[in-house]
Amino acid sequence: MMLQQQQQQVSNGNNNRIVAVNVTPSGTPSPNHDSSKLDQTPGWKKFFTYVGPGFLVSLAYLDPGNMETDLQAGANHGYELLWIILIGLIFALIIQSLAANLGVCTGKHLSEVCKAEYPLFVKYCLWILAELAVIAADIPEVIGTAFALNILFHIPVWGGVLLTGCSTLLFLGLQRFGVRKLELLISILVFVMAACFFGEMSYVKPPAAGVVEGMFVPKLNGNGAVADAIALLGALIMPHNLFLHSALVLSRKIPGSKRGINDACRYFLIESGFALFVAFLINVAMISVSGTVCTAKDISAENVERCSDLTLNSASFLLKNVLGRSSSIIYAIALLASGQSSAITGTYAGQFIMQGFLDLKMKKWVRNLLTRIVAIAPSLVVSIIGGSSGAGRLIIIASMILSFELPFALIPLLKFSSSSTKMGPHKNSMIIIVISWILGLGIIGINVYYLITAFVGWIIHSSLPKVANVFIGIIVFPLMALYIVSVIYLTFRKDTVKTFVEVKDDPTMQTHMEKGFVNDGQLELSNAPYREDLVDIPLPEGPRL
């Protein structure tokens, strides 16, 4: 048997992309021909082999931060901010698919490509910002879990905050029975929450005209509309999700041919589209229920008070029409599942970020505990001082922080996925480049505008002494300038590192490879983007020298 093997090693990274061609004489089948079998597999069966990453990532779009911002947006503005959900999840589908494509086409996830591309100082800055994004995303999970424990067992919110670290460690411990089973359990519990809101939505019957208008007619009327819109975007489009999705796809076996990579990208897009469509419907249902109940003409005085200060801890009254007395218990179970599932995805994302930027190993429970301790500190202080309403406001602040940090993950992803040096022939089409950059720069522009106007307005109306305002301005305005300069640097910096290597510069061979045969013999393609170190999402054994 003749063996022709071509190895492609990506510089500044850990991945060796190998394409092996096994040719047996006279068309005799090779004993190992996984790719040939995969090519002959029906499309729907091949699709199911790729299902998983998109659904796990989509759980982050149903976390307590989303619930809080959705319910408050509905209570404060009715259906007027539904267009944010529509635009946000369309944009989420685009960038999540770009993240998946980056992992499939390069065999490396986003943090590894950042490490290969950027100078040492920039790399460490991006790592710190990515870690802060994980912590900011973990705060809603901490508070949401604390609220769930408060509803179920009447534990004070601050006590629930302290218990959240243990609860997530317990869920991570259940992985010994299989990650897939754990994901399925969590997904079922989260969809119980979805069923509750869909059932309530069918009961309160929000006006179709109002929902459609809110979804397609952009409005930012009323006090705090801009802040609520930014919080919605921050809760929907999370920076750490981009790192997570680009790594999760590497746990699937993908033929290392152009055709195999294109098929994988298409299947991951379909899966992400379906998962995010479900997330979109759930988010719309939550806003519609909250908006209908809190803007009803015959609303009771008790519910008016609840709607004026709506938090996750008090939102179970929205489901009483459907669930009656059991509404609070079922709502709390769904909230607990939402918080824990999102916390697990955050832990995974944190592992990939640390491994990609620093090549460091950390056990799951240690990583989770450290992240939780940092997230617990502000949650504990706020819950003790401000109670449940203060903790609810902290969720909004965390979502806004995520929105402000988004450019530092989004801009590298948009640049890498549009670069021929990173993606080769699989780079984004011009249409995708234009759409993704318009949406991305639009969100960044909104963030910068709000950051400047909100701070200037606060300075003007502040009751602090003028000297204190001057000192605060001296500190904050340079930080704003640094933020804008950093975004400009990432946007216009030219990529210098090439991480894509062609399989073979031979059109005839490429055609045979895509068909699965060479010289009337069987062709075997190794699974090029497949990463053994990411199958069970462990980390490498230690730093590489």
**Fill in**
From the Cα centre of region 70-133 to that of region 300-353, the distance in Å is 24
**Whole-percent carbon and sulfur share, accessible surface of region 417-497, 1.4 Å** = 80
**Request:** First measure r as the distance between the Cβ atoms of TRP458 and VAL217, then evaluate 1/(1 + (r/R0)^6) with R0 = 22 Å and state the FRET efficiency to the nearest 0.05.
**Result:** 0.15
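Determine, for each peptide in 485-494, 447-456, the mean count of other beta carbons within 10 angstrom over its residues, then list the peptides with the highest first.
Details: 485-494: 13.4, 447-456: 15.2.
Top to bottom by mean Cβ count within 10 Å: 447-456, 485-494.
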**Item:** Surface per residue (accessible, 1.4 Å probe) for region 229-386, Å²
**Value:** 33
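What full-extension length gain, to one decimal in nm, is calculated for ILE446 and ILE397 as 0.36 nm per residue of separation minus the Cα-Cα distance?
Details: separation 49, 0.36 × 49 = 17.64 nm, distance 1.60 nm.
So the chain would gain 16.0 nm between ILE446 and ILE397.
Rounded if a/c is under 1.5, else prolate if a/b is larger than b/c, else oblate: which is region 198-289, with a ≥ b ≥ c the root eigenvalues of its Cα gyration tensor?
Working: a/c = 2.97, a/b = 2.02, b/c = 1.46.
Taking the square roots of the gyration eigenvalues as a ≥ b ≥ c, region 198-289 is prolate.
What's the ranking of 325-333, 393-401, 285-293, 272-280 by average number of surrounding C-beta atoms within 10 Å, highest first? Display every interim value, and only then the final one.
Details: 325-333: 16.6, 393-401: 22.7, 285-293: 27.3, 272-280: 19.1.
Ranked by mean Cβ neighbours within 10 Å, highest first: 285-293, 393-401, 272-280, 325-333.
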**Request:** Would you mind computing, in nm to one decimal, how far apart the modelled labels at ARG493 and ARG266 are, each placed 7 Å from Cα along Cα→Cβ?
**Result:** 3.6
**Item:** Global form of region 349-500, assessed from the alpha-carbon gyration tensor, a/c cut-off 1.5
**Value:** oblate
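Once you sort the root eigenvalues of the Cα gyration tensor of region 247-320 as a ≥ b ≥ c, which label holds: rounded (a/c under 1.5), prolate (a/b larger than b/c) or oblate (the other case)?
Working: a/c = 6.63, a/b = 3.80, b/c = 1.74.
Prolate is the answer for region 247-320, as a/c is 1.5 or above and a/b outweighs b/c.
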**Message:** Taking R0 as 45 Å, what FRET efficiency do you get between LEU482 and GLU305 from their Cβ-Cβ distance, rounded to the nearest 0.05?
**Reply:** 0.60
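Looking at this model, which pairs from LYS253/LYS498; LYS123/LYS363; LYS258/LYS498; LYS219/LYS415; LYS115/LYS258 are more than 20 angstrom apart at the alpha-carbon? Mind showing how you got there, number by number?
On the way: LYS253/LYS498 24 Å; LYS123/LYS363 23 Å; LYS258/LYS498 18 Å; LYS219/LYS415 31 Å; LYS115/LYS258 26 Å.
The answer is LYS253/LYS498; LYS123/LYS363; LYS219/LYS415; LYS115/LYS258.
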**Message:** Taking the solvent-accessible surface of protein heavy atoms with a 1.4 Å probe, what is the per residue accessible area of region 84-124 in Å²?
**Reply:** 23
**Prompt:** By average Cβ neighbour count within 10 Å, what is the ranking of 108-118, 224-234 from highest down?
**Reply:** 108-118, 224-234
**Request:** Provide the per-residue ³J(HN,Hα) series for region 389-404, in order, calculated from phi with Karplus coefficients 6.51, -1.76, 1.60 and θ = phi - 60°, each as a whole number of Hz, with x at glycine and proline positions.
**Result:** 5, x, 5, x, 5, 5, 4, 4, 4, 4, 5, 5, 4, 4, 5, 5
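The values are calculated or read from the model by the stated rules, or taken from the named source; none is laboratory data. Not measured: the values here are computed from a predicted model. Cβ: placed from backbone, ideal geometry, glycine included. Neighbour counts: every protein chain shown. Ligands, DNA and RNA are excluded from the accessible area calculation, which covers all protein heavy atoms including side chains. Shrake-Rupley method; radii C 1.70, N 1.55, O 1.52, S 1.80 Å.
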